[in-house]
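The values are calculated or read from the model by the stated rules, or taken from the named source; none is laboratory data. Because the structure is predicted, anything quoted here is derived from the model rather than measured. Please note: Cβ atoms are built from the backbone with ideal geometry, for glycine as well, and neighbour counts cover all protein chains shown. Calculation scope for accessible area: heavy atoms of the full protein, side chains included, ligands and nucleic acids excluded. Shrake-Rupley method; radii C 1.70, N 1.55, O 1.52, S 1.80 Å.
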Amino acid sequence: MRFELKFAGQANGESAIEPRRIERAGAVSQTLAPADWTSARIEAWLDWAEASPLDLPDDLGAQLDEIDPPLAALLNGGPAAYAQRLAAAGLSSGVFDSASAASRFRDALLASMAAGFAAPAAPCVDRREASIVELSAMELDRALAAHLAEHRRAAAMTGAADAAAERLQGVMDAVARCEGNPAACADVTRNLALGRAARAAREAGVADGLILQAIALARAGEARWAAAPAQAQAPTPMVVTAERELVASGCPAAAKAAAAGWESGAVTLAFDPRDAEAADRARLAPRAAIDVGAFWDGQAIDVEGLAGVVRLWTVALELSLVADPPAAGLVEAGRPLGLALAGVAEWLVAQGAPYDSEAARKAAAELQALANAAALAASAELSARLGPYPDFQGEREARLAAIMARGAACAGGGPIAAKAAALYADALKASGKRGLRNAETTALWDDAELSLRLGGASVGAGPWRGPLSAMETADGEVVRILSAATVAGLTTIGAEIEEAVLALLGARDLEGAPGVSHAALRERGFTDHEIAAVQAALPFVGDLRAAFAPAVLGEGFVRDVLGASAEALDDPALDVLALAGFSAGDIAQASIYAFGGGALAPDAAALLAGAGVGAVLAMTAAVEAFACAPSTAPLALAWSDDPVAATRLQAAAARAGLRAVRLRRGGPPPARGRGRPGPAAAPRRPPDRQIVVVGYNLLIC
């Protein structure tokens, strides 16, 4: 198999590679990375490399050509090691008939990652097969009860671990904050703050030995108890097969499934038994995503280039199964791959097509069809070399019929659909003779970390993440800007960019602001020095209170000129502008001028509007028609939503035509009043009980 990475969008993604300093957990890492990548993006790649098996399985790598610098050292060598590992697996398995062919594949794969066009997902760590049960089955209640019991047990264990870690960190902080004799600081009878922290830990159920260990670690100079608390194993995933009409009507059994999904986030409802199995296989499959923005030149998609990179990554994901033989029988039987497109929502906006429009759904579906057809053609090509997946013969007619139907659905479309139809024809002919290597090649899913590795591009059929993007300055500061897709889309529809900047980002300037202008500030005693300090802070803060904080203006000015008391200066909620005599209306007007929040023009507002639930469901249904597996991207519920709301959303998804539904409830709001006890909250009288260290035990008297 030959691979040459050539496409029109390549020049748009090229970036100089330079040394970068990235803050990691407790240290600063030096690495080589593209100059225009943010630190967060680079760190996401480094996290991926640490979580992935990148060592060569044997010495086959020695047969490959050396990788040209600086690509070999890019991102601490993670992408190069990944590409080298897969090339070696392809050479050993017979996918490539020579070391030079394997080297060309490796170089093309590495180039696609270095340019930011594609990224692999972290490997699946939970290889357990889901339990599959029918909605109408008598054992549904028992299966749901067992699933929720697992979830609640894991949640309780995780909550206990979080609480213990919080209390033990409080013990260590009490020792670290103490000034004076080290032995006295580590003695609960002489360090009252430590005594309170140790008692709080004991009352939270933390064992005496762990409390003593935290004291000893703090005395030895350790600052943190744990980077992250241990997480209990999540419940076994569950897939429920159901008749669409029953779910759409919200029948009692469907409501039970929705309530379980609302609670655990690990219940998938599928409307076809084959989709149930495909959804579970897609969850276990090796995954990657390709950013379609790399193939867009502002006028058209480079369909040949995109199809070529889809073929490249289809082979890469198959070789990841070769390099790391799957443990799950479900994966071995179907050899599924989870290749997804990214940046589709951004691409739609760049064309001036609102996400919630029929034109956007048609364009996204055609793009997904192109990726699906190219991946299936590559899978048939792989099958000719390695043989079909074990279950292919039993599913042969259904697989060929699906390819034929998707190809027919592309008839009469534009250039993207025409290319997809041609590739479907190739896949149908080749798979009819040699079969398919993979039961699934493309899937729809969401992965925040992988999105970050692709510069924030949305993954799958989900909506884009908004009109704003982040830019990192030379000194490491991160500022918000309009994303490239936003600028392109506004330009396409003829909207005024400056008006959009003012509405979305604000002027980041107060010179001509209503209410709080430079002139108004001078009338209240501000000098050019303080005004310049505020101006310098405006690009990096989120509101006026932060821009006018005492740390920006100087406590001396706030105290001596504006008359703030010592108590007010210690109050983090101090509003300096109110102290200076500005009204709430003045501050609100200036805030909109400086930070945005004004109204967009109607056409710009329609283009940049966030997607509602109905829009997401309609887009998912349109794109799912050209994906091998149903979407496993969860439908979001708010923390405040109850099981009734979950049942309604599940029913709406069924009526919209989704092939599968998975619900996930958002996280809780930040807890209040759960801070660790410290000196500021310490009681002024001696504690009712004392903790006395006796040998290696803690006794509460």
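Below, the figures for the structure above:
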| read-out | value |
| --- | --- |
| Listed residue (Val644, Leu317, Ile416) projecting farthest to the positive dipole end of the chain, Cβ model | Val644 |
| Square roots of five times the Cα gyration tensor eigenvalues for the stretch 22-146, Å | 36, 23, 12 |
| Angle between the chain longest axis and helix 358-386 axis [Cα atoms, degrees, rounded to 10] | 60 |
| The chain, accessible area per residue, ligands and nucleic acids excluded (1.4 Å, Å²) | 45 |
| Whole-percent carbon and sulfur share, accessible surface of the stretch 129-278, 1.4 Å | 54 |
| Heavy atoms of Asp162: accessible area, 1.4 Å probe, square angstrom to 10 | 60 |
| Kirkwood Rh, angstrom, the chain [1 / mean 1/r, Cα pairs] | 28.8 |
| Arg385 accessible area, 1.4 Å probe, all protein chains in place, Å² to nearest 10 | 100 |
| The stretch 335-378 - Rg over Rh from alpha carbon coordinates, Kirkwood radius | 1.06 |
| Percentage, to the nearest whole number, of Cα pairs in the stretch 438-524 over 20 Å apart | 57 |
| Accessible area of the stretch 351-475 belonging to carbon and sulfur atoms, whole % at 1.4 Å probe | 55 |
| Whole-number percent relative contact order across the chain, with pairs defined as alpha carbons under 8 Å at least 6 apart | 16 |
